[in-house]
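Data first, discussion second: the structure below is written as structure tokens.
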Amino acid sequence: MGAEAGNGKTETRRCNEARLASLYEEYYDKIARYVYVRIGTKTEAEDLAGEVFLKALESLKSYKERGIPMQAWLFRIAHNLVVDHLRKASKRKTVPIDTVQIESDANVVTLAEKNIELERVNRAMEQLTREQKEVLGLRFFGGLTSKEAGSILNKSDGAIREMQRAAIAKLRKLLVTDY
Amino acid sequence: MANNFDKTLDECIDRINRGESLESCLADYPEYVGQLEPLLQAMLQTKEAYSFAPSASAKRVARQRFSTALERLEQRRREKQPLFTRVFARPLVWTTAAVVLLILAAGFFGMRPMLYPTGPVPNPEGNFVFLISDDVNAISDFESLNVSISKIGLLPGGDSERWVEFEPEVKQVDLTLVPGDETQEIWRGNVPEGQYTKVFIYVSDVEGILADGETNVKLPSGKLQIYKPFEVTGGEVTNFVYDVTVVKAGESGKYILKPQVDQSGADHKPSKGKAKDK
């Protein structure tokens, strides 16, 4: 690539684009898992995870690292896309279909057990409040700190800590009683 | 008190997210073991249950869309700059342009046997071979998938915006016949030696028949461009494989044709050798 004198803004923008590209490999998976926890369909979670990076590219000119790293900013975008998706989904009747891919005969039993466990955990998660699911999604699957999760959900770290404790306690109770 | 416990739980969640074990967290807070352990077990159980790996093809398609969007941004940025700024604000460009002009002039006056008034022409003894291949994704959904290619373009390195363009000799390829390592040669001839950075094919039409033997499918046509540096050198034949793939677009039932940068690229054989498969 040829060198460009370019003004400061263009160079900053290019740096941010490079940073965003470098986050893709690791954070696509994390974001897909976070979205999956929130919306419950794997294929749609994969599609939305891709949308997050495209949206981030469009919004890069408004990104400034004010105490929130780019990784956390990606989850804010994911959160907003999920909210949007859930709002649209509630207006139409859909039946999510996730195909189970069997890679080899040897994995069939393990896969079946995994699916049963996933259904169990899913049932428990469904009984949490929307906010509790958001907090656990960001903390468990996004790997964000309480402070970063708080900045996305507009809550203090203290509020996040309290919510996560209550959410995990409820989740634990549900998992124990659903055996 | 509750506040202290919340902070401890919070810290343990951070530590487990960073890869530490449950046991190491509990060992640091013996006074809270009874309360901490069941909650952290629930956390691990939940993470384990949701530990699905997104499909490789979905990730690849998303990455390709992202790369394409990045390339478009860069292209638009370059187009926006006025010619004055582009030329006069970059002294290095002047030097590079002068060197390139000198080389081109030397080539024009004596070192090239042919001129290319309308672009490179086919030649069985040429130094460059262009091949098409198909990276297997959704191709097994098809009985046949005919891609019509009307133009090929190569962008020389440096600051040149002047593409080397030519028409393929073989204008249509059935992608079901070139899966994986299989290739189809669609042009052979001479192109100027040197470094190239980008390659495009212009797809004028895509028509397929699904494996049910009945359903006709039409895909969007257009320019498929990749950033893939390679070199055409003297005394060798450069074989460039341009890999495309067809993927299903979510649950819409539609298909998309995509270039595959990772699977595309050039290799070299001594002159007068046959083109080899990828």
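What the table below lists for this structure:
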| quantity | calculated |
| --- | --- |
| The stretch A:6-52, subset farther than 30 Å from A:Met125 by Cβ and facing chain B (nearest Cβ under 10 Å), residue modelled with the lowest pLDDT | A:Gly6 |
| Which listed residue is modelled with pLDDT under 90, crowded, with 17+ Cβ neighbours inside 10 Å and away from chain A (no Cβ under 14 Å), from B:Val164, B:Val178, B:Val191, B:Val170 | B:Val178 |
| Check on B:Thr197, in contact with a Pro (Cβ under 6 Å, 6 or more places away or on another chain) and not charged (D, E, K, R) | yes |
| Flag if B:Ala42 is within 7 Å of another protein chain (Cβ to nearest Cβ) and either in a helix (DSSP H, G or I) or of a type outside the set (A, V, I, L, M) (or both) | yes |
| Any chance B:Pro38 is touching a Lys or Arg at 6+ places or on another chain (Cβ under 6 Å) and not hydrophobic (A, V, I, L, M, F, W, C) | yes |
| Lone unmet requirement of (1) under 12 Å from the mean Cα position of the chain (by Cα); (2) at pLDDT below 90; (3) within 8 Å of chain B (Cβ to nearest Cβ) for A:Ala3 | (1) |
| Failed condition for B:Glu11, given (1) part of a helix (DSSP H, G or I); (2) at the interface with chain A (Cβ under 8 Å from one of its Cβ atoms) | (2) |
| Matching strands (runs of 3 or more DSSP E) fully within the stretch B:138-212 where at least 1 residues are closer than 16 Å to B:Asp243 by Cα and free of Cβ contacts under 8 Å to residues at least 60 places away in the same chain | B:142-156, B:172-174, B:184-189, B:194-210 |
| Candidate set: the stretch B:14-35, residues that are among the acidic types (Asp, Glu) and assigned to a helix (DSSP H, G or I); chosen: the one nearest to the chain's Cα centre (by Cα) | B:Asp14 |
| Any chance B:Ala53 is of a type outside the set (S, T, N, Q), in a helix (DSSP H, G or I) and under 19 Å from B:Val247 (Cβ atoms) | no |
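The values are calculated or read from the model by the stated rules, or taken from the named source; none is laboratory data. What you are looking at is a predicted structure, and each value in this text was computed from that prediction instead of being measured. Note: ideal-geometry Cβ built from the backbone for every residue, glycine included; neighbour counts use all protein chains shown.
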